[in-house]
């Protein structure tokens, strides 16, 4: 029975692939090819054996071939025997010095050149800066970059990540993460740019350009190859648990999840990594329609597709769509996978060779995959200069890069509530408390020196950076610290906290003018971050309640990778700041903002839920927000959230004029006047949402189609203009299997948040 199902699976995939080849019109290449590179690739490919081609498609982890930074004799043999083309991960599972990487990768390149005539393609998870290189610059996490609503910060993070990765001889990173963070239960939400498609696309494209430079065919020694991940729909598992199935409708898959990846690939992204899970029963790793038809044919994209961790094997062991590991290899490679993250042993190479010899995988498919790997290596210049040296990168970990990370943090911390207590006076007596008050680890999140982020608790890694308590102590004259509740920062149980000194914190609060309660989460990453309850811990809730009972004003500092439910304590707070995961410089940025030396300008890149059983996104369908149905019953489908998408306060105020909306050659132009009506300089994120007044399919009430961050002096007015093309107003019709623009009336909403619309105009197009 299983064998029959798998034969049908493979046959169906083959039919889809054949049909797409016959019907899909040729489009301009997503990445224009370089004739010289293509000639070199073809010459090299022609002289390679089958084993060597398959070796290019094989990626293993560093711990399988090395003891720390030393390649073992067994590791040397593995590389030479299987002609391994790519290595990933930091040796030993902990951040290494750039000098250590230099030496390690040089040795790898020596071995692979001897064994295959090609360089190693080495990759690290540099998710928010050079997070696996000691002394490198860590930026805020992607969720913070999104909260800044400033594309420059995404670009700068990509630029610095590339420069400092190359200083460590690393040419490739598995970033940016482009999964839509539309389910707060998902433990990787903080790795994303939030819930919105447009924001994700804009930030990812900016980061990729920073990483790769302007010419994807000639990346050069100061840039690296990006890897957009996880293709696609990874961020919306039905259960919220990592690497579990999704149930995404065809139109949703195209419009929401595919669109950012499409933008990234058309902007030159040189590689993509595939989603570990499945959608509607189809694992992404063997989905021919998505991997081959949508990506390689419809986009005419010639980059490389790599699996996630052991995910070909998982087609057999977990997803059970293959009768054996060998069958799983056949399904994945025939679907369009170019490189397998094996990651520990090379049975993949053995199985794939047998499949080719048996006629189950064509040489054309092998050549296509190996060609894509070789093309990437040539584009990175690895054949001409396989190694880069720290001495050629004098700005590594320097002040210029630190300044960029600090500025990104400064614009990424969101003021959610302020009843007039902020900014704080310099001489105010402050109690700093809470489990996140004196931790560098919690500022950074996962993928920071170690996978789960506990590496940021190692003093020699991070002792030069300030915790929130240390930063406030440096900024204000009278600061006291009592933790109240504490994490075990080196423990493997990130969920656990302990009420160690609540009574002492309350006593200190009575002697203070204001309480800064730093609450939220310890660090986690991927599946270990799965959680059954998004409510803030009982200990932290009791701490805030006890502090509020003193009558002293409470400022809540939320330090979290995903929104924790704070409905019970929100009314007790005089002010609330969500700093998310702002990185090594996040505490300094917070102190500057609380002191009023800079102004808040960030906005929420997700909808902050009020209830654990009532998650929402801003681009909901009309029926999701209905009150009483006339003459019948209470529909009870009213949106009730803690804070809406796009929300964020400032120390100043902004006034919007009426929107001017007119037709243009491509669609429409929308212009609005924005004035700073307060007494302080500030930056406002002007947001454009568009709703379709009538359509043949149910559409969202509104969708973000533009944002601009403008800086305004007190009393200053600026015109903010958005260009909207008809392509931006199309939707995907699954029956027609095509994008559709339906003429009609559209409503253009301009405002400061998704629920704070300041100006509305209608236009018929």
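Things worth noting here:
- When residue 670 is tested against the conditions (1) at pLDDT 95 or above; (2) surrounded by fewer than 20 Cβ atoms within 10 Å (Cβ to Cβ); (3) more than 29 Å from the chain's Cα centre (by Cα), the lone failure is (2).
- When every residue of the stretch 493-500 is checked against the conditions, none turns out to be within 26 Å of the chain's Cα centre (by Cα), at pLDDT 95 or above, part of a loop (DSSP other than H, G, I, E, B) and closer than 26 Å to residue 129 by Cα.
- Note on the stretch 730-751: residues that are touching a strand residue (DSSP E or B) at 6+ places or on another chain (Cβ under 8 Å) and either touching a residue at least 24 places away in the same chain (Cβ under 8 Å) or more than 19 Å from residue 762 (Cα to Cα) (or both) amount to 15.
- The set of residues in the stretch 263-305 being under 25 Å from residue 183 (Cβ atoms) and surrounded by fewer than 20 Cβ atoms within 10 Å (Cβ to Cβ) consists of 280, 281, 282, 289.
- Considering only residues in the stretch 411-427 that are surrounded by 20 or more Cβ atoms within 10 Å (Cβ to Cβ) and assigned to a loop (DSSP other than H, G, I, E, B), the one that is farthest from the chain's Cα centre (by Cα) turns out to be 424.
- When the test is whether a residue is on the phi < 0 side of the Ramachandran plot, in contact (Cβ under 8 Å) with a residue 24 or more places away in the chain and part of a helix (DSSP H, G or I), residue 443 passes it.
- Within the stretch 71-93, the presence of a residue that is modelled with pLDDT of 95 or more and farther than 30 Å from residue 44 by Cβ is excluded.
- In the stretch 533-571, the residues that are within 14 Å of residue 642 (Cα to Cα) and assigned to a helix (DSSP H, G or I): 570, 571
- Options 566, 557, 515: the member that is more than 14 Å from residue 431 (Cβ to Cβ) and touching a strand residue (DSSP E or B) at 6+ places or on another chain (Cβ under 9 Å): 566
- When 366, 333, 312, 350 are checked against the criterion of being part of a helix (DSSP H, G or I) and surrounded by fewer than 18 Cβ atoms within 10 Å (Cβ to Cβ), a single residue qualifies: 350.
- Meets criteria (in a loop (DSSP other than H, G, I, E, B), under 27 Å from residue 568 (Cβ atoms), touching a helix residue (DSSP H, G or I) at 6+ places or on another chain (Cβ under 8 Å) and touching a residue at least 24 places away in the same chain (Cβ under 8 Å)) for residue 466: no
- Only one of the numbered conditions (1) farther than 16 Å from residue 667 by Cβ; (2) over 26 Å from the mean Cα position of the chain (by Cα); (3) assigned to a loop (DSSP other than H, G, I, E, B) is not met by residue 700, and that is (2).
- Qualifying residue in the stretch 29-52 (condition: modelled with pLDDT of 95 or more, surrounded by 24 or more Cβ atoms within 10 Å (Cβ to Cβ) and more than 26 Å from the chain's Cα centre (by Cα)): no
- Residue within the stretch 203-215 that is in a strand (DSSP E or B), surrounded by 24 or more Cβ atoms within 10 Å (Cβ to Cβ), in the same structural domain as residue 187 (by TED's automatic domain parsing) and touching a residue at least 60 places away in the same chain (Cβ under 8 Å) present: no
- Flag if residue 580 is in contact with a helix residue (DSSP H, G or I) (Cβ under 9 Å, 6 or more places away or on another chain) and surrounded by 22 or more Cβ atoms within 10 Å (Cβ to Cβ): yes
- From the options 402, 369, residue that is touching a residue at least 24 places away in the same chain (Cβ under 8 Å), over 23 Å from residue 34 (Cα atoms) and within 28 Å of the chain's Cα centre (by Cα): 402
- Residues considered: 570, 526. Of these, the only one that is out of contact with any helix residue (DSSP H, G or I) (no Cβ under 6 Å at 6 or more places or on another chain), outside the structural domain of residue 192 (by TED's automatic domain parsing), over 30 Å from residue 132 (Cβ atoms) and touching a residue at least 60 places away in the same chain (Cβ under 8 Å) is 570.
The values are calculated or read from the model by the stated rules, or taken from the named source; none is laboratory data. Note that the structure is predicted; figures quoted are calculated from it, not measured. Neighbour counts run over all protein chains shown; Cβ positions are idealised from the backbone, glycine included.
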